[in-house]
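S.K.: For reference, the structure I am asking about is given below.
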Amino acid sequence: MFYWFVLAVAGLAHPPQRFEFEHAAMGTTFRIVLYAVDAERGSQASAKAFRRIDALDRILSDYDTSSEISRLSTTAGSGQWIAVSDDLWAILEYSNSLAIETGGAFDVTIGPLTRLWRWASRREQLPDADRIARARAAVGHTLVEFDTSVRRVRLTAPGMRLDVGAVGKGFAADAALEILEREGIHRALVDAGGDVVASDAPPGSSGWRVAVPELHGGTVATRTVRIANCAVATSGDTYRYFEVDGVRYSHIIDPESGIGLTTRRIATVFAPNATEADALASAVSVLDGAQAAKLLDARRDVSGSVYELDSTNWQTVYASSELPH
Ligand code: AMP
Ligand code: MG
C-alpha cells in the first residue's frame with residue numbers, strides 16, 4: 001500500500017512530456033513524437049529507432065548499388081540461390097503474398113519499369129513500346145522463387161530488379177515503433193513522410209491527431225482523425241510523378257501495361273500496422289473499385305478510401321463503410 005503510494009507520487013512528480021525528433025532517411029523525413037519522463041530518455045530511444053531505420057535503408061534502397069536488395073538484383077538470371085536477411089525476407093514474403101492476392105497489381109519486381117520511367121522522365125520522352133516490353137519481361141512475382149527452409153531467394157529472369165518503394169517506409173516505421181516499445185516508450189507516433197503508425201494515445205487523449213484526405217463536393221480536403229495502436233498510409237501522385245509530353249504519369253505503375261497510371265488517384269488505408277497500410281494503399285491505387293473493395297473488406301481492422309479525378313471532379317472509387325474518426 002505504502003509502496004503504491006510512493007509510486008503514485010513519483011509519477012505525479014514526473015508526468016511524461018512530449019518530445020519530437022526528425023531524421024532524414026529513405027528519401028524522406030522520418031518524424032517521431034513520443035512521451036517520455038525526460039528529454040534524455042526520449043532522445044536516446046529515438047536515436048536507436050533512427051539507427052534501425054538507417055540499417056533498413058542500407059538493406060532496401062534501390063538507389064544504393066551496395067544495398068542488400070541491389071546486390072540480390074544483380075544475381076537475377078544467374079540461377080543462384082541467395083541467402084537474405086530476416087528483414088528482406090519478411091518484406092519479400094509479405095509482398096509476394098499480396099502480389100498473389102492482387103493478381104500481380106502490387107508487385108515489388110516492378111524495378112525494371114520504375115527504372116525505365118525514371119529515365120524517360122529525366123529525358124522528357126516516353127519510353128518506346130520495345131523498351132516497355134523488354135522491361136515487362138523482367139517483371140512478375142512468379143519470377144521470384146523462395147526456399148523457405150533456409151530463407152534463400154532466387155530471381156529467375158535476367159534483368160530483374162526489386163523495388164520495395166511501395167512498402168519499405170511502412171516497414172521501417174513499424175520497426176522504429178518496435179524499438180521505442182522495447183525502450184519502454186509506449187506512447188509514440190512514427191511518421192515516415194505520410195505513412196504513420198502509433199502506439200498508445202497521448203496522456204488524456206483518445207488518439208494521435210493525423211490529417212487524412214477527404215472528399216468534399218468534388219474536391220479533396222483533409223480531415224483530422226485520432227489514431228492509437230493503428231497505422232494509416234496515403235498513396236497518390238500529388239508529389240511524385242513522371243511528366244512526359246505534358247502528360248502526368250504516376251510513379252505507381254500498372255505492371256500489366258507497364259505504364260504509370262494516368263488517372264489521378266489518392267488512396268488512404270488504415271491498418272493495424274504501417275507495413276500493411278503502406279502496401280495496401282499502393283495496391284488499391286492500381287486496382288478498380290470492386291477489386292479494392294474485395295481486398296480491403298476481406299481484412300478485419302482494415303479500412304480505407306480511394307478517390308479518383310474524373311476530368312474536373314474528384315469521385316469516390318471505393319470507401320469502407322466505417323472509417324476511423
Ligand atoms: P507508395 O508511395 O507507397 O504508393 O509507393 C510507390 C512506389 O512503389 C513507386 O515509387 C515505386 O517505387 C513502387 N511501385 C510502383 N508501382 C508499383 C506496383 N504496381 N507495385 C508495387 N510497387 C510499385
Ligand atoms: Mg505504399
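The values are calculated or read from the model by the stated rules, or taken from the named source; none is laboratory data. This is a predicted model, so every value here is computed, not measured. Every residue, glycine as well, gets a Cβ built from its backbone with ideal geometry; the counts of neighbours run over all protein chains shown. Ligands, DNA and RNA are stripped out before the accessible areas are found, and what is left, the full protein with its side chains, is counted by its heavy atoms. Shrake-Rupley method; radii C 1.70, N 1.55, O 1.52, S 1.80 Å.
S.K.: How large are Rg and Dmax for the stretch 259-320 when calculated on the C-alpha trace, in angstrom?
M.R.: 11.3, 34
S.K.: Have a look at Lys48, Lys294, Lys169 and tell me which one the Gaussian network model of the chain (Cα, springs below 10 Å) gives the largest fluctuation.
M.R.: Lys294
S.K.: Please state the charge dipole magnitude for the chain, taken about the Cα centre, from unit charges on C-beta atoms (+1 on K and R, -1 on D and E), reported in debye and rounded to the nearest 20.
M.R.: So the dipole magnitude of the chain works out to roughly 340 debye.
S.K.: List the DSSP H helices in the chain whose Cα atoms stretch 20 Å or more along the helix axis and whose mean Kyte-Doolittle hydropathy is at least -0.5.
M.R.: Helices meeting the criterion: 39-60, 86-101, 168-182.
S.K.: Summarise the accessible area of the stretch 173-270 (1.4 Å probe, protein heavy atoms) by the percent that is carbon and sulfur.
M.R.: 45 percent
S.K.: Please find, in a Gaussian network model of the chain (springs between Cα atoms separated by less than 10 Å), the residue of Leu162, Leu280, Leu126 whose mean-square fluctuation is greatest.
M.R.: Leu126
S.K.: Counting only protein heavy atoms and using a 1.4 Å probe, what share of the accessible area of the stretch 274-325 belongs to carbon plus sulfur, as a whole percent? Each step should come with its number before you reach the end.
M.R.: Numbers: 1070 of 2480 Å².
Carbon and sulfur: 43 percent of the exposed surface of the stretch 274-325.
S.K.: Sort 135-147, 311-323 by packing, meaning the average of other beta carbons within 10 Å per residue, with the highest value first.
M.R.: 135-147, 311-323
S.K.: Further, regarding this structure: Specify whether the C-alpha gyration tensor of the stretch 164-239 places it in the rounded, prolate or oblate class, a ≥ b ≥ c being the square roots of the eigenvalues: rounded for a/c under 1.5, otherwise prolate if a/b is larger than b/c and oblate if not.
M.R.: Numbers: a/c = 3.94, a/b = 1.38, b/c = 2.86.
Oblate is the answer for the stretch 164-239, as a/c is 1.5 or above yet b/c matches or exceeds a/b.
S.K.: With a point put 7 Å past each Cα toward its Cβ, work out how far Thr219 is from Glu145 in nm, to one decimal.
M.R.: Going by the 7 Å Cα→Cβ label model, 5.6 nm.
S.K.: Roughly to the nearest percent, how much of the accessible area of the stretch 7-143 is carbon and sulfur, given a 1.4 Å probe?
M.R.: So the carbon and sulfur contribution to the accessible surface is 51 percent.
S.K.: When the Cα atoms of the stretch 172-325 are enclosed in a convex hull and the volume is divided per residue, what value in Å³ results?
M.R.: Cα-based convex hull of the stretch 172-325, divided per residue, equals 117 Å³.
S.K.: Could you tell me the center-to-center distance, by alpha carbons, between the stretch 62-83 and the stretch 100-158 in angstrom?
M.R.: Centre-to-centre distance over Cα atoms comes out at 13 Å.
S.K.: Could you compute the net charge surrounding Asp278? Neighbours are other residues with a C-beta less than 10 Å from the C-beta of Asp278; K and R count +1, D and E count -1.
M.R.: Computed value for this residue: -2.
S.K.: Which semi-axes, in whole Å and largest first, does the equivalent ellipsoid of the chain have when worked out from the alpha carbon gyration tensor as the square roots of 5 times its eigenvalues? Don't jump to the answer; show the numbers that get you there.
M.R.: Details: eigenvalues 263, 126, 58 Å².
In descending order the semi-axes read 36, 25, 17 Å.
S.K.: Let me ask something additional. Nearest 20 debye, what's the magnitude of the dipole of the stretch 219-315 about its Cα centre given +1 on Lys and Arg Cβ and -1 on Asp and Glu Cβ?
M.R.: Its charge dipole is roughly 400 debye.
S.K.: Also, I was wondering about something else. On average, how much accessible surface per residue is there in the stretch 72-148, in Å², for a 1.4 Å probe, leaving out ligands, DNA and RNA? Mind dumping the intermediate values first?
M.R.: Working: 3710 Å² over 77 residues.
In whole numbers, the stretch 72-148 has 48 Å² accessible per residue.
S.K.: Let me ask something else about it. Specify the residue with the greatest mean-square fluctuation among Phe50, Phe106, Phe19, computed from a Gaussian network of the chain linking alpha-carbon atoms under 10 Å apart.
M.R.: Phe19
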